[in-house]
Amino acid sequence: MPEKEPTVSYDAHATRRYERIHGEIFNPVEQQRLHDSLRRAVATIQTGSQPLTALDYGCGSGNLTRHLIDLGLQTVSADVSEHFLRLIEKDFSRSGLSSTLQINGADLSGVQDCHFDLVATYSVLHHVPDYLHIVAEMCRVVKPGGVVYIDHEATEAYYSRPAEYVEFLRKAQPRVNWRRYLRLLFDVPGYVHIVRRLLNPRYKREGDIHVWPDDHIEWDKIERVLTERGWEVVLKQDYLLCRSLYDPAVYSQYKDRCSDQRVLIARKRQDPHGL
Ligand SMILES: C[S@@+](CC[C@H](N)C(=O)[O-])C[C@H]1O[C@@H](n2cnc3c(N)ncnc32)[C@H](O)[C@@H]1O
């Protein structure tokens, strides 16, 4: 995997606006799917601990944190962005189940081996230069019988574009996305990002790195990190992400016929030496 450094400061995106502009995450269909998948992950835990503890790796504004707390888990929300962590403290501290951890983005140094019942991450690995190393770190900090949950990363189908997926995109998306153009027009601070993109075609405003046909998240490699350590893959499910701009009728018609994202749940074996 190419060595890369993030090119943006995530703090710039750590505002309430983050949830408004990410309609592909914060819509009822995706939130229900996510909640159901996390419930499944929690049901898979076999550590015998009570209460259960979770690490939300790359928590952002608290998308996973919110669900994990709802499910009763004592949750540590971790991010490289201090501003996101301050938002989390404002929103969740009263739950009594929330704490925060600033991380360095490269490893989980400072977190003990076998510490959490669940480590969950959603839409983060494609931001991480050495994402396979982070998966290995997640394995390290989970207790025997505990679970790693990885969600919202594109599959090969997203890049290879099978005919049915192309047909779906053509039918589901508006021909001209006026909302997007208007947002871009009035987003004056965003003009600097347009210039950066012109200078570097791989520049991404929110620091996505592994999102290109020749450099993207490789699920088979993630799975290898887990299985080489003796982990059991409990769920590997591909799904069609419900973006808010899609026509709901077209989405319903195609959601079981094509997919572009994956969620994976894996459990650590009970052998305490199986790090
Ligand atoms: C697309 S957002 C996803 C946020 C959240 N998980 C959600 O579901 O909305 C990506 C998040 O990853 C964080 N991030 C970026 N690089 C990271 C790294 N190397 N390690 C951990 N988190 C990182 C960003 O600060 C941001 O909060």
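For the residues I69, I265, I194, what sequence is obtained by ranking on other C-beta atoms within 10 Å, fewest first?
I194, I69, I265
What lysines does K204 reach when the alpha-carbon gap must be under 19 Å and sequence neighbours fewer than 8 apart in one chain are set aside?
By straight Cα distance, K204 reaches K4.
List the residues, sorted by chain then number, that are 5 or more residues from G105 or on another chain and whose placed amide H is less than 5 Å from its amide H.
Result for G105 returns nothing.
Test of understanding: ordering V211, V192, V119 by Cβ neighbours within 10 Å, fewest first, what list do you get?
Fewest-to-most ranking of V211, V192, V119: V192, V211, V119.
Can you sort L34, L198, L264 so the residue with the fewest Cβ neighbours within 10 Å comes first?
By the 10 Å Cβ count, ascending, the order reads L198, L34, L264.
Sequence neighbours fewer than 8 away in the same chain don't count; with that in mind, list the lysines whose C-alpha is under 24 Å from K143.
Straight-line reach from K143, under 24 Å: K221, K236, K268.
Which is farthest toward the positive dipole end of the stretch 10-267 among Y251, Y122, H133, measuring Cα position about the Cα centre, with Cβ charges +1 (Lys, Arg) and -1 (Asp, Glu)?
The one lying farthest along the dipole's positive direction is Y251.
What aspartates and glutamates could a cross-link reach from K90, if we take a straight Cα to Cα line under 13 Å and drop same-chain neighbours fewer than 8 places away?
List returned: E82.
Every number in this text was worked out from the coordinates using simple rules, so none of it is lab data. Just so it is clear, the structure is predicted and the values come from calculations on it, not from any experiment. Note: ideal-geometry Cβ built from the backbone for every residue, glycine included; neighbour counts use all protein chains shown.
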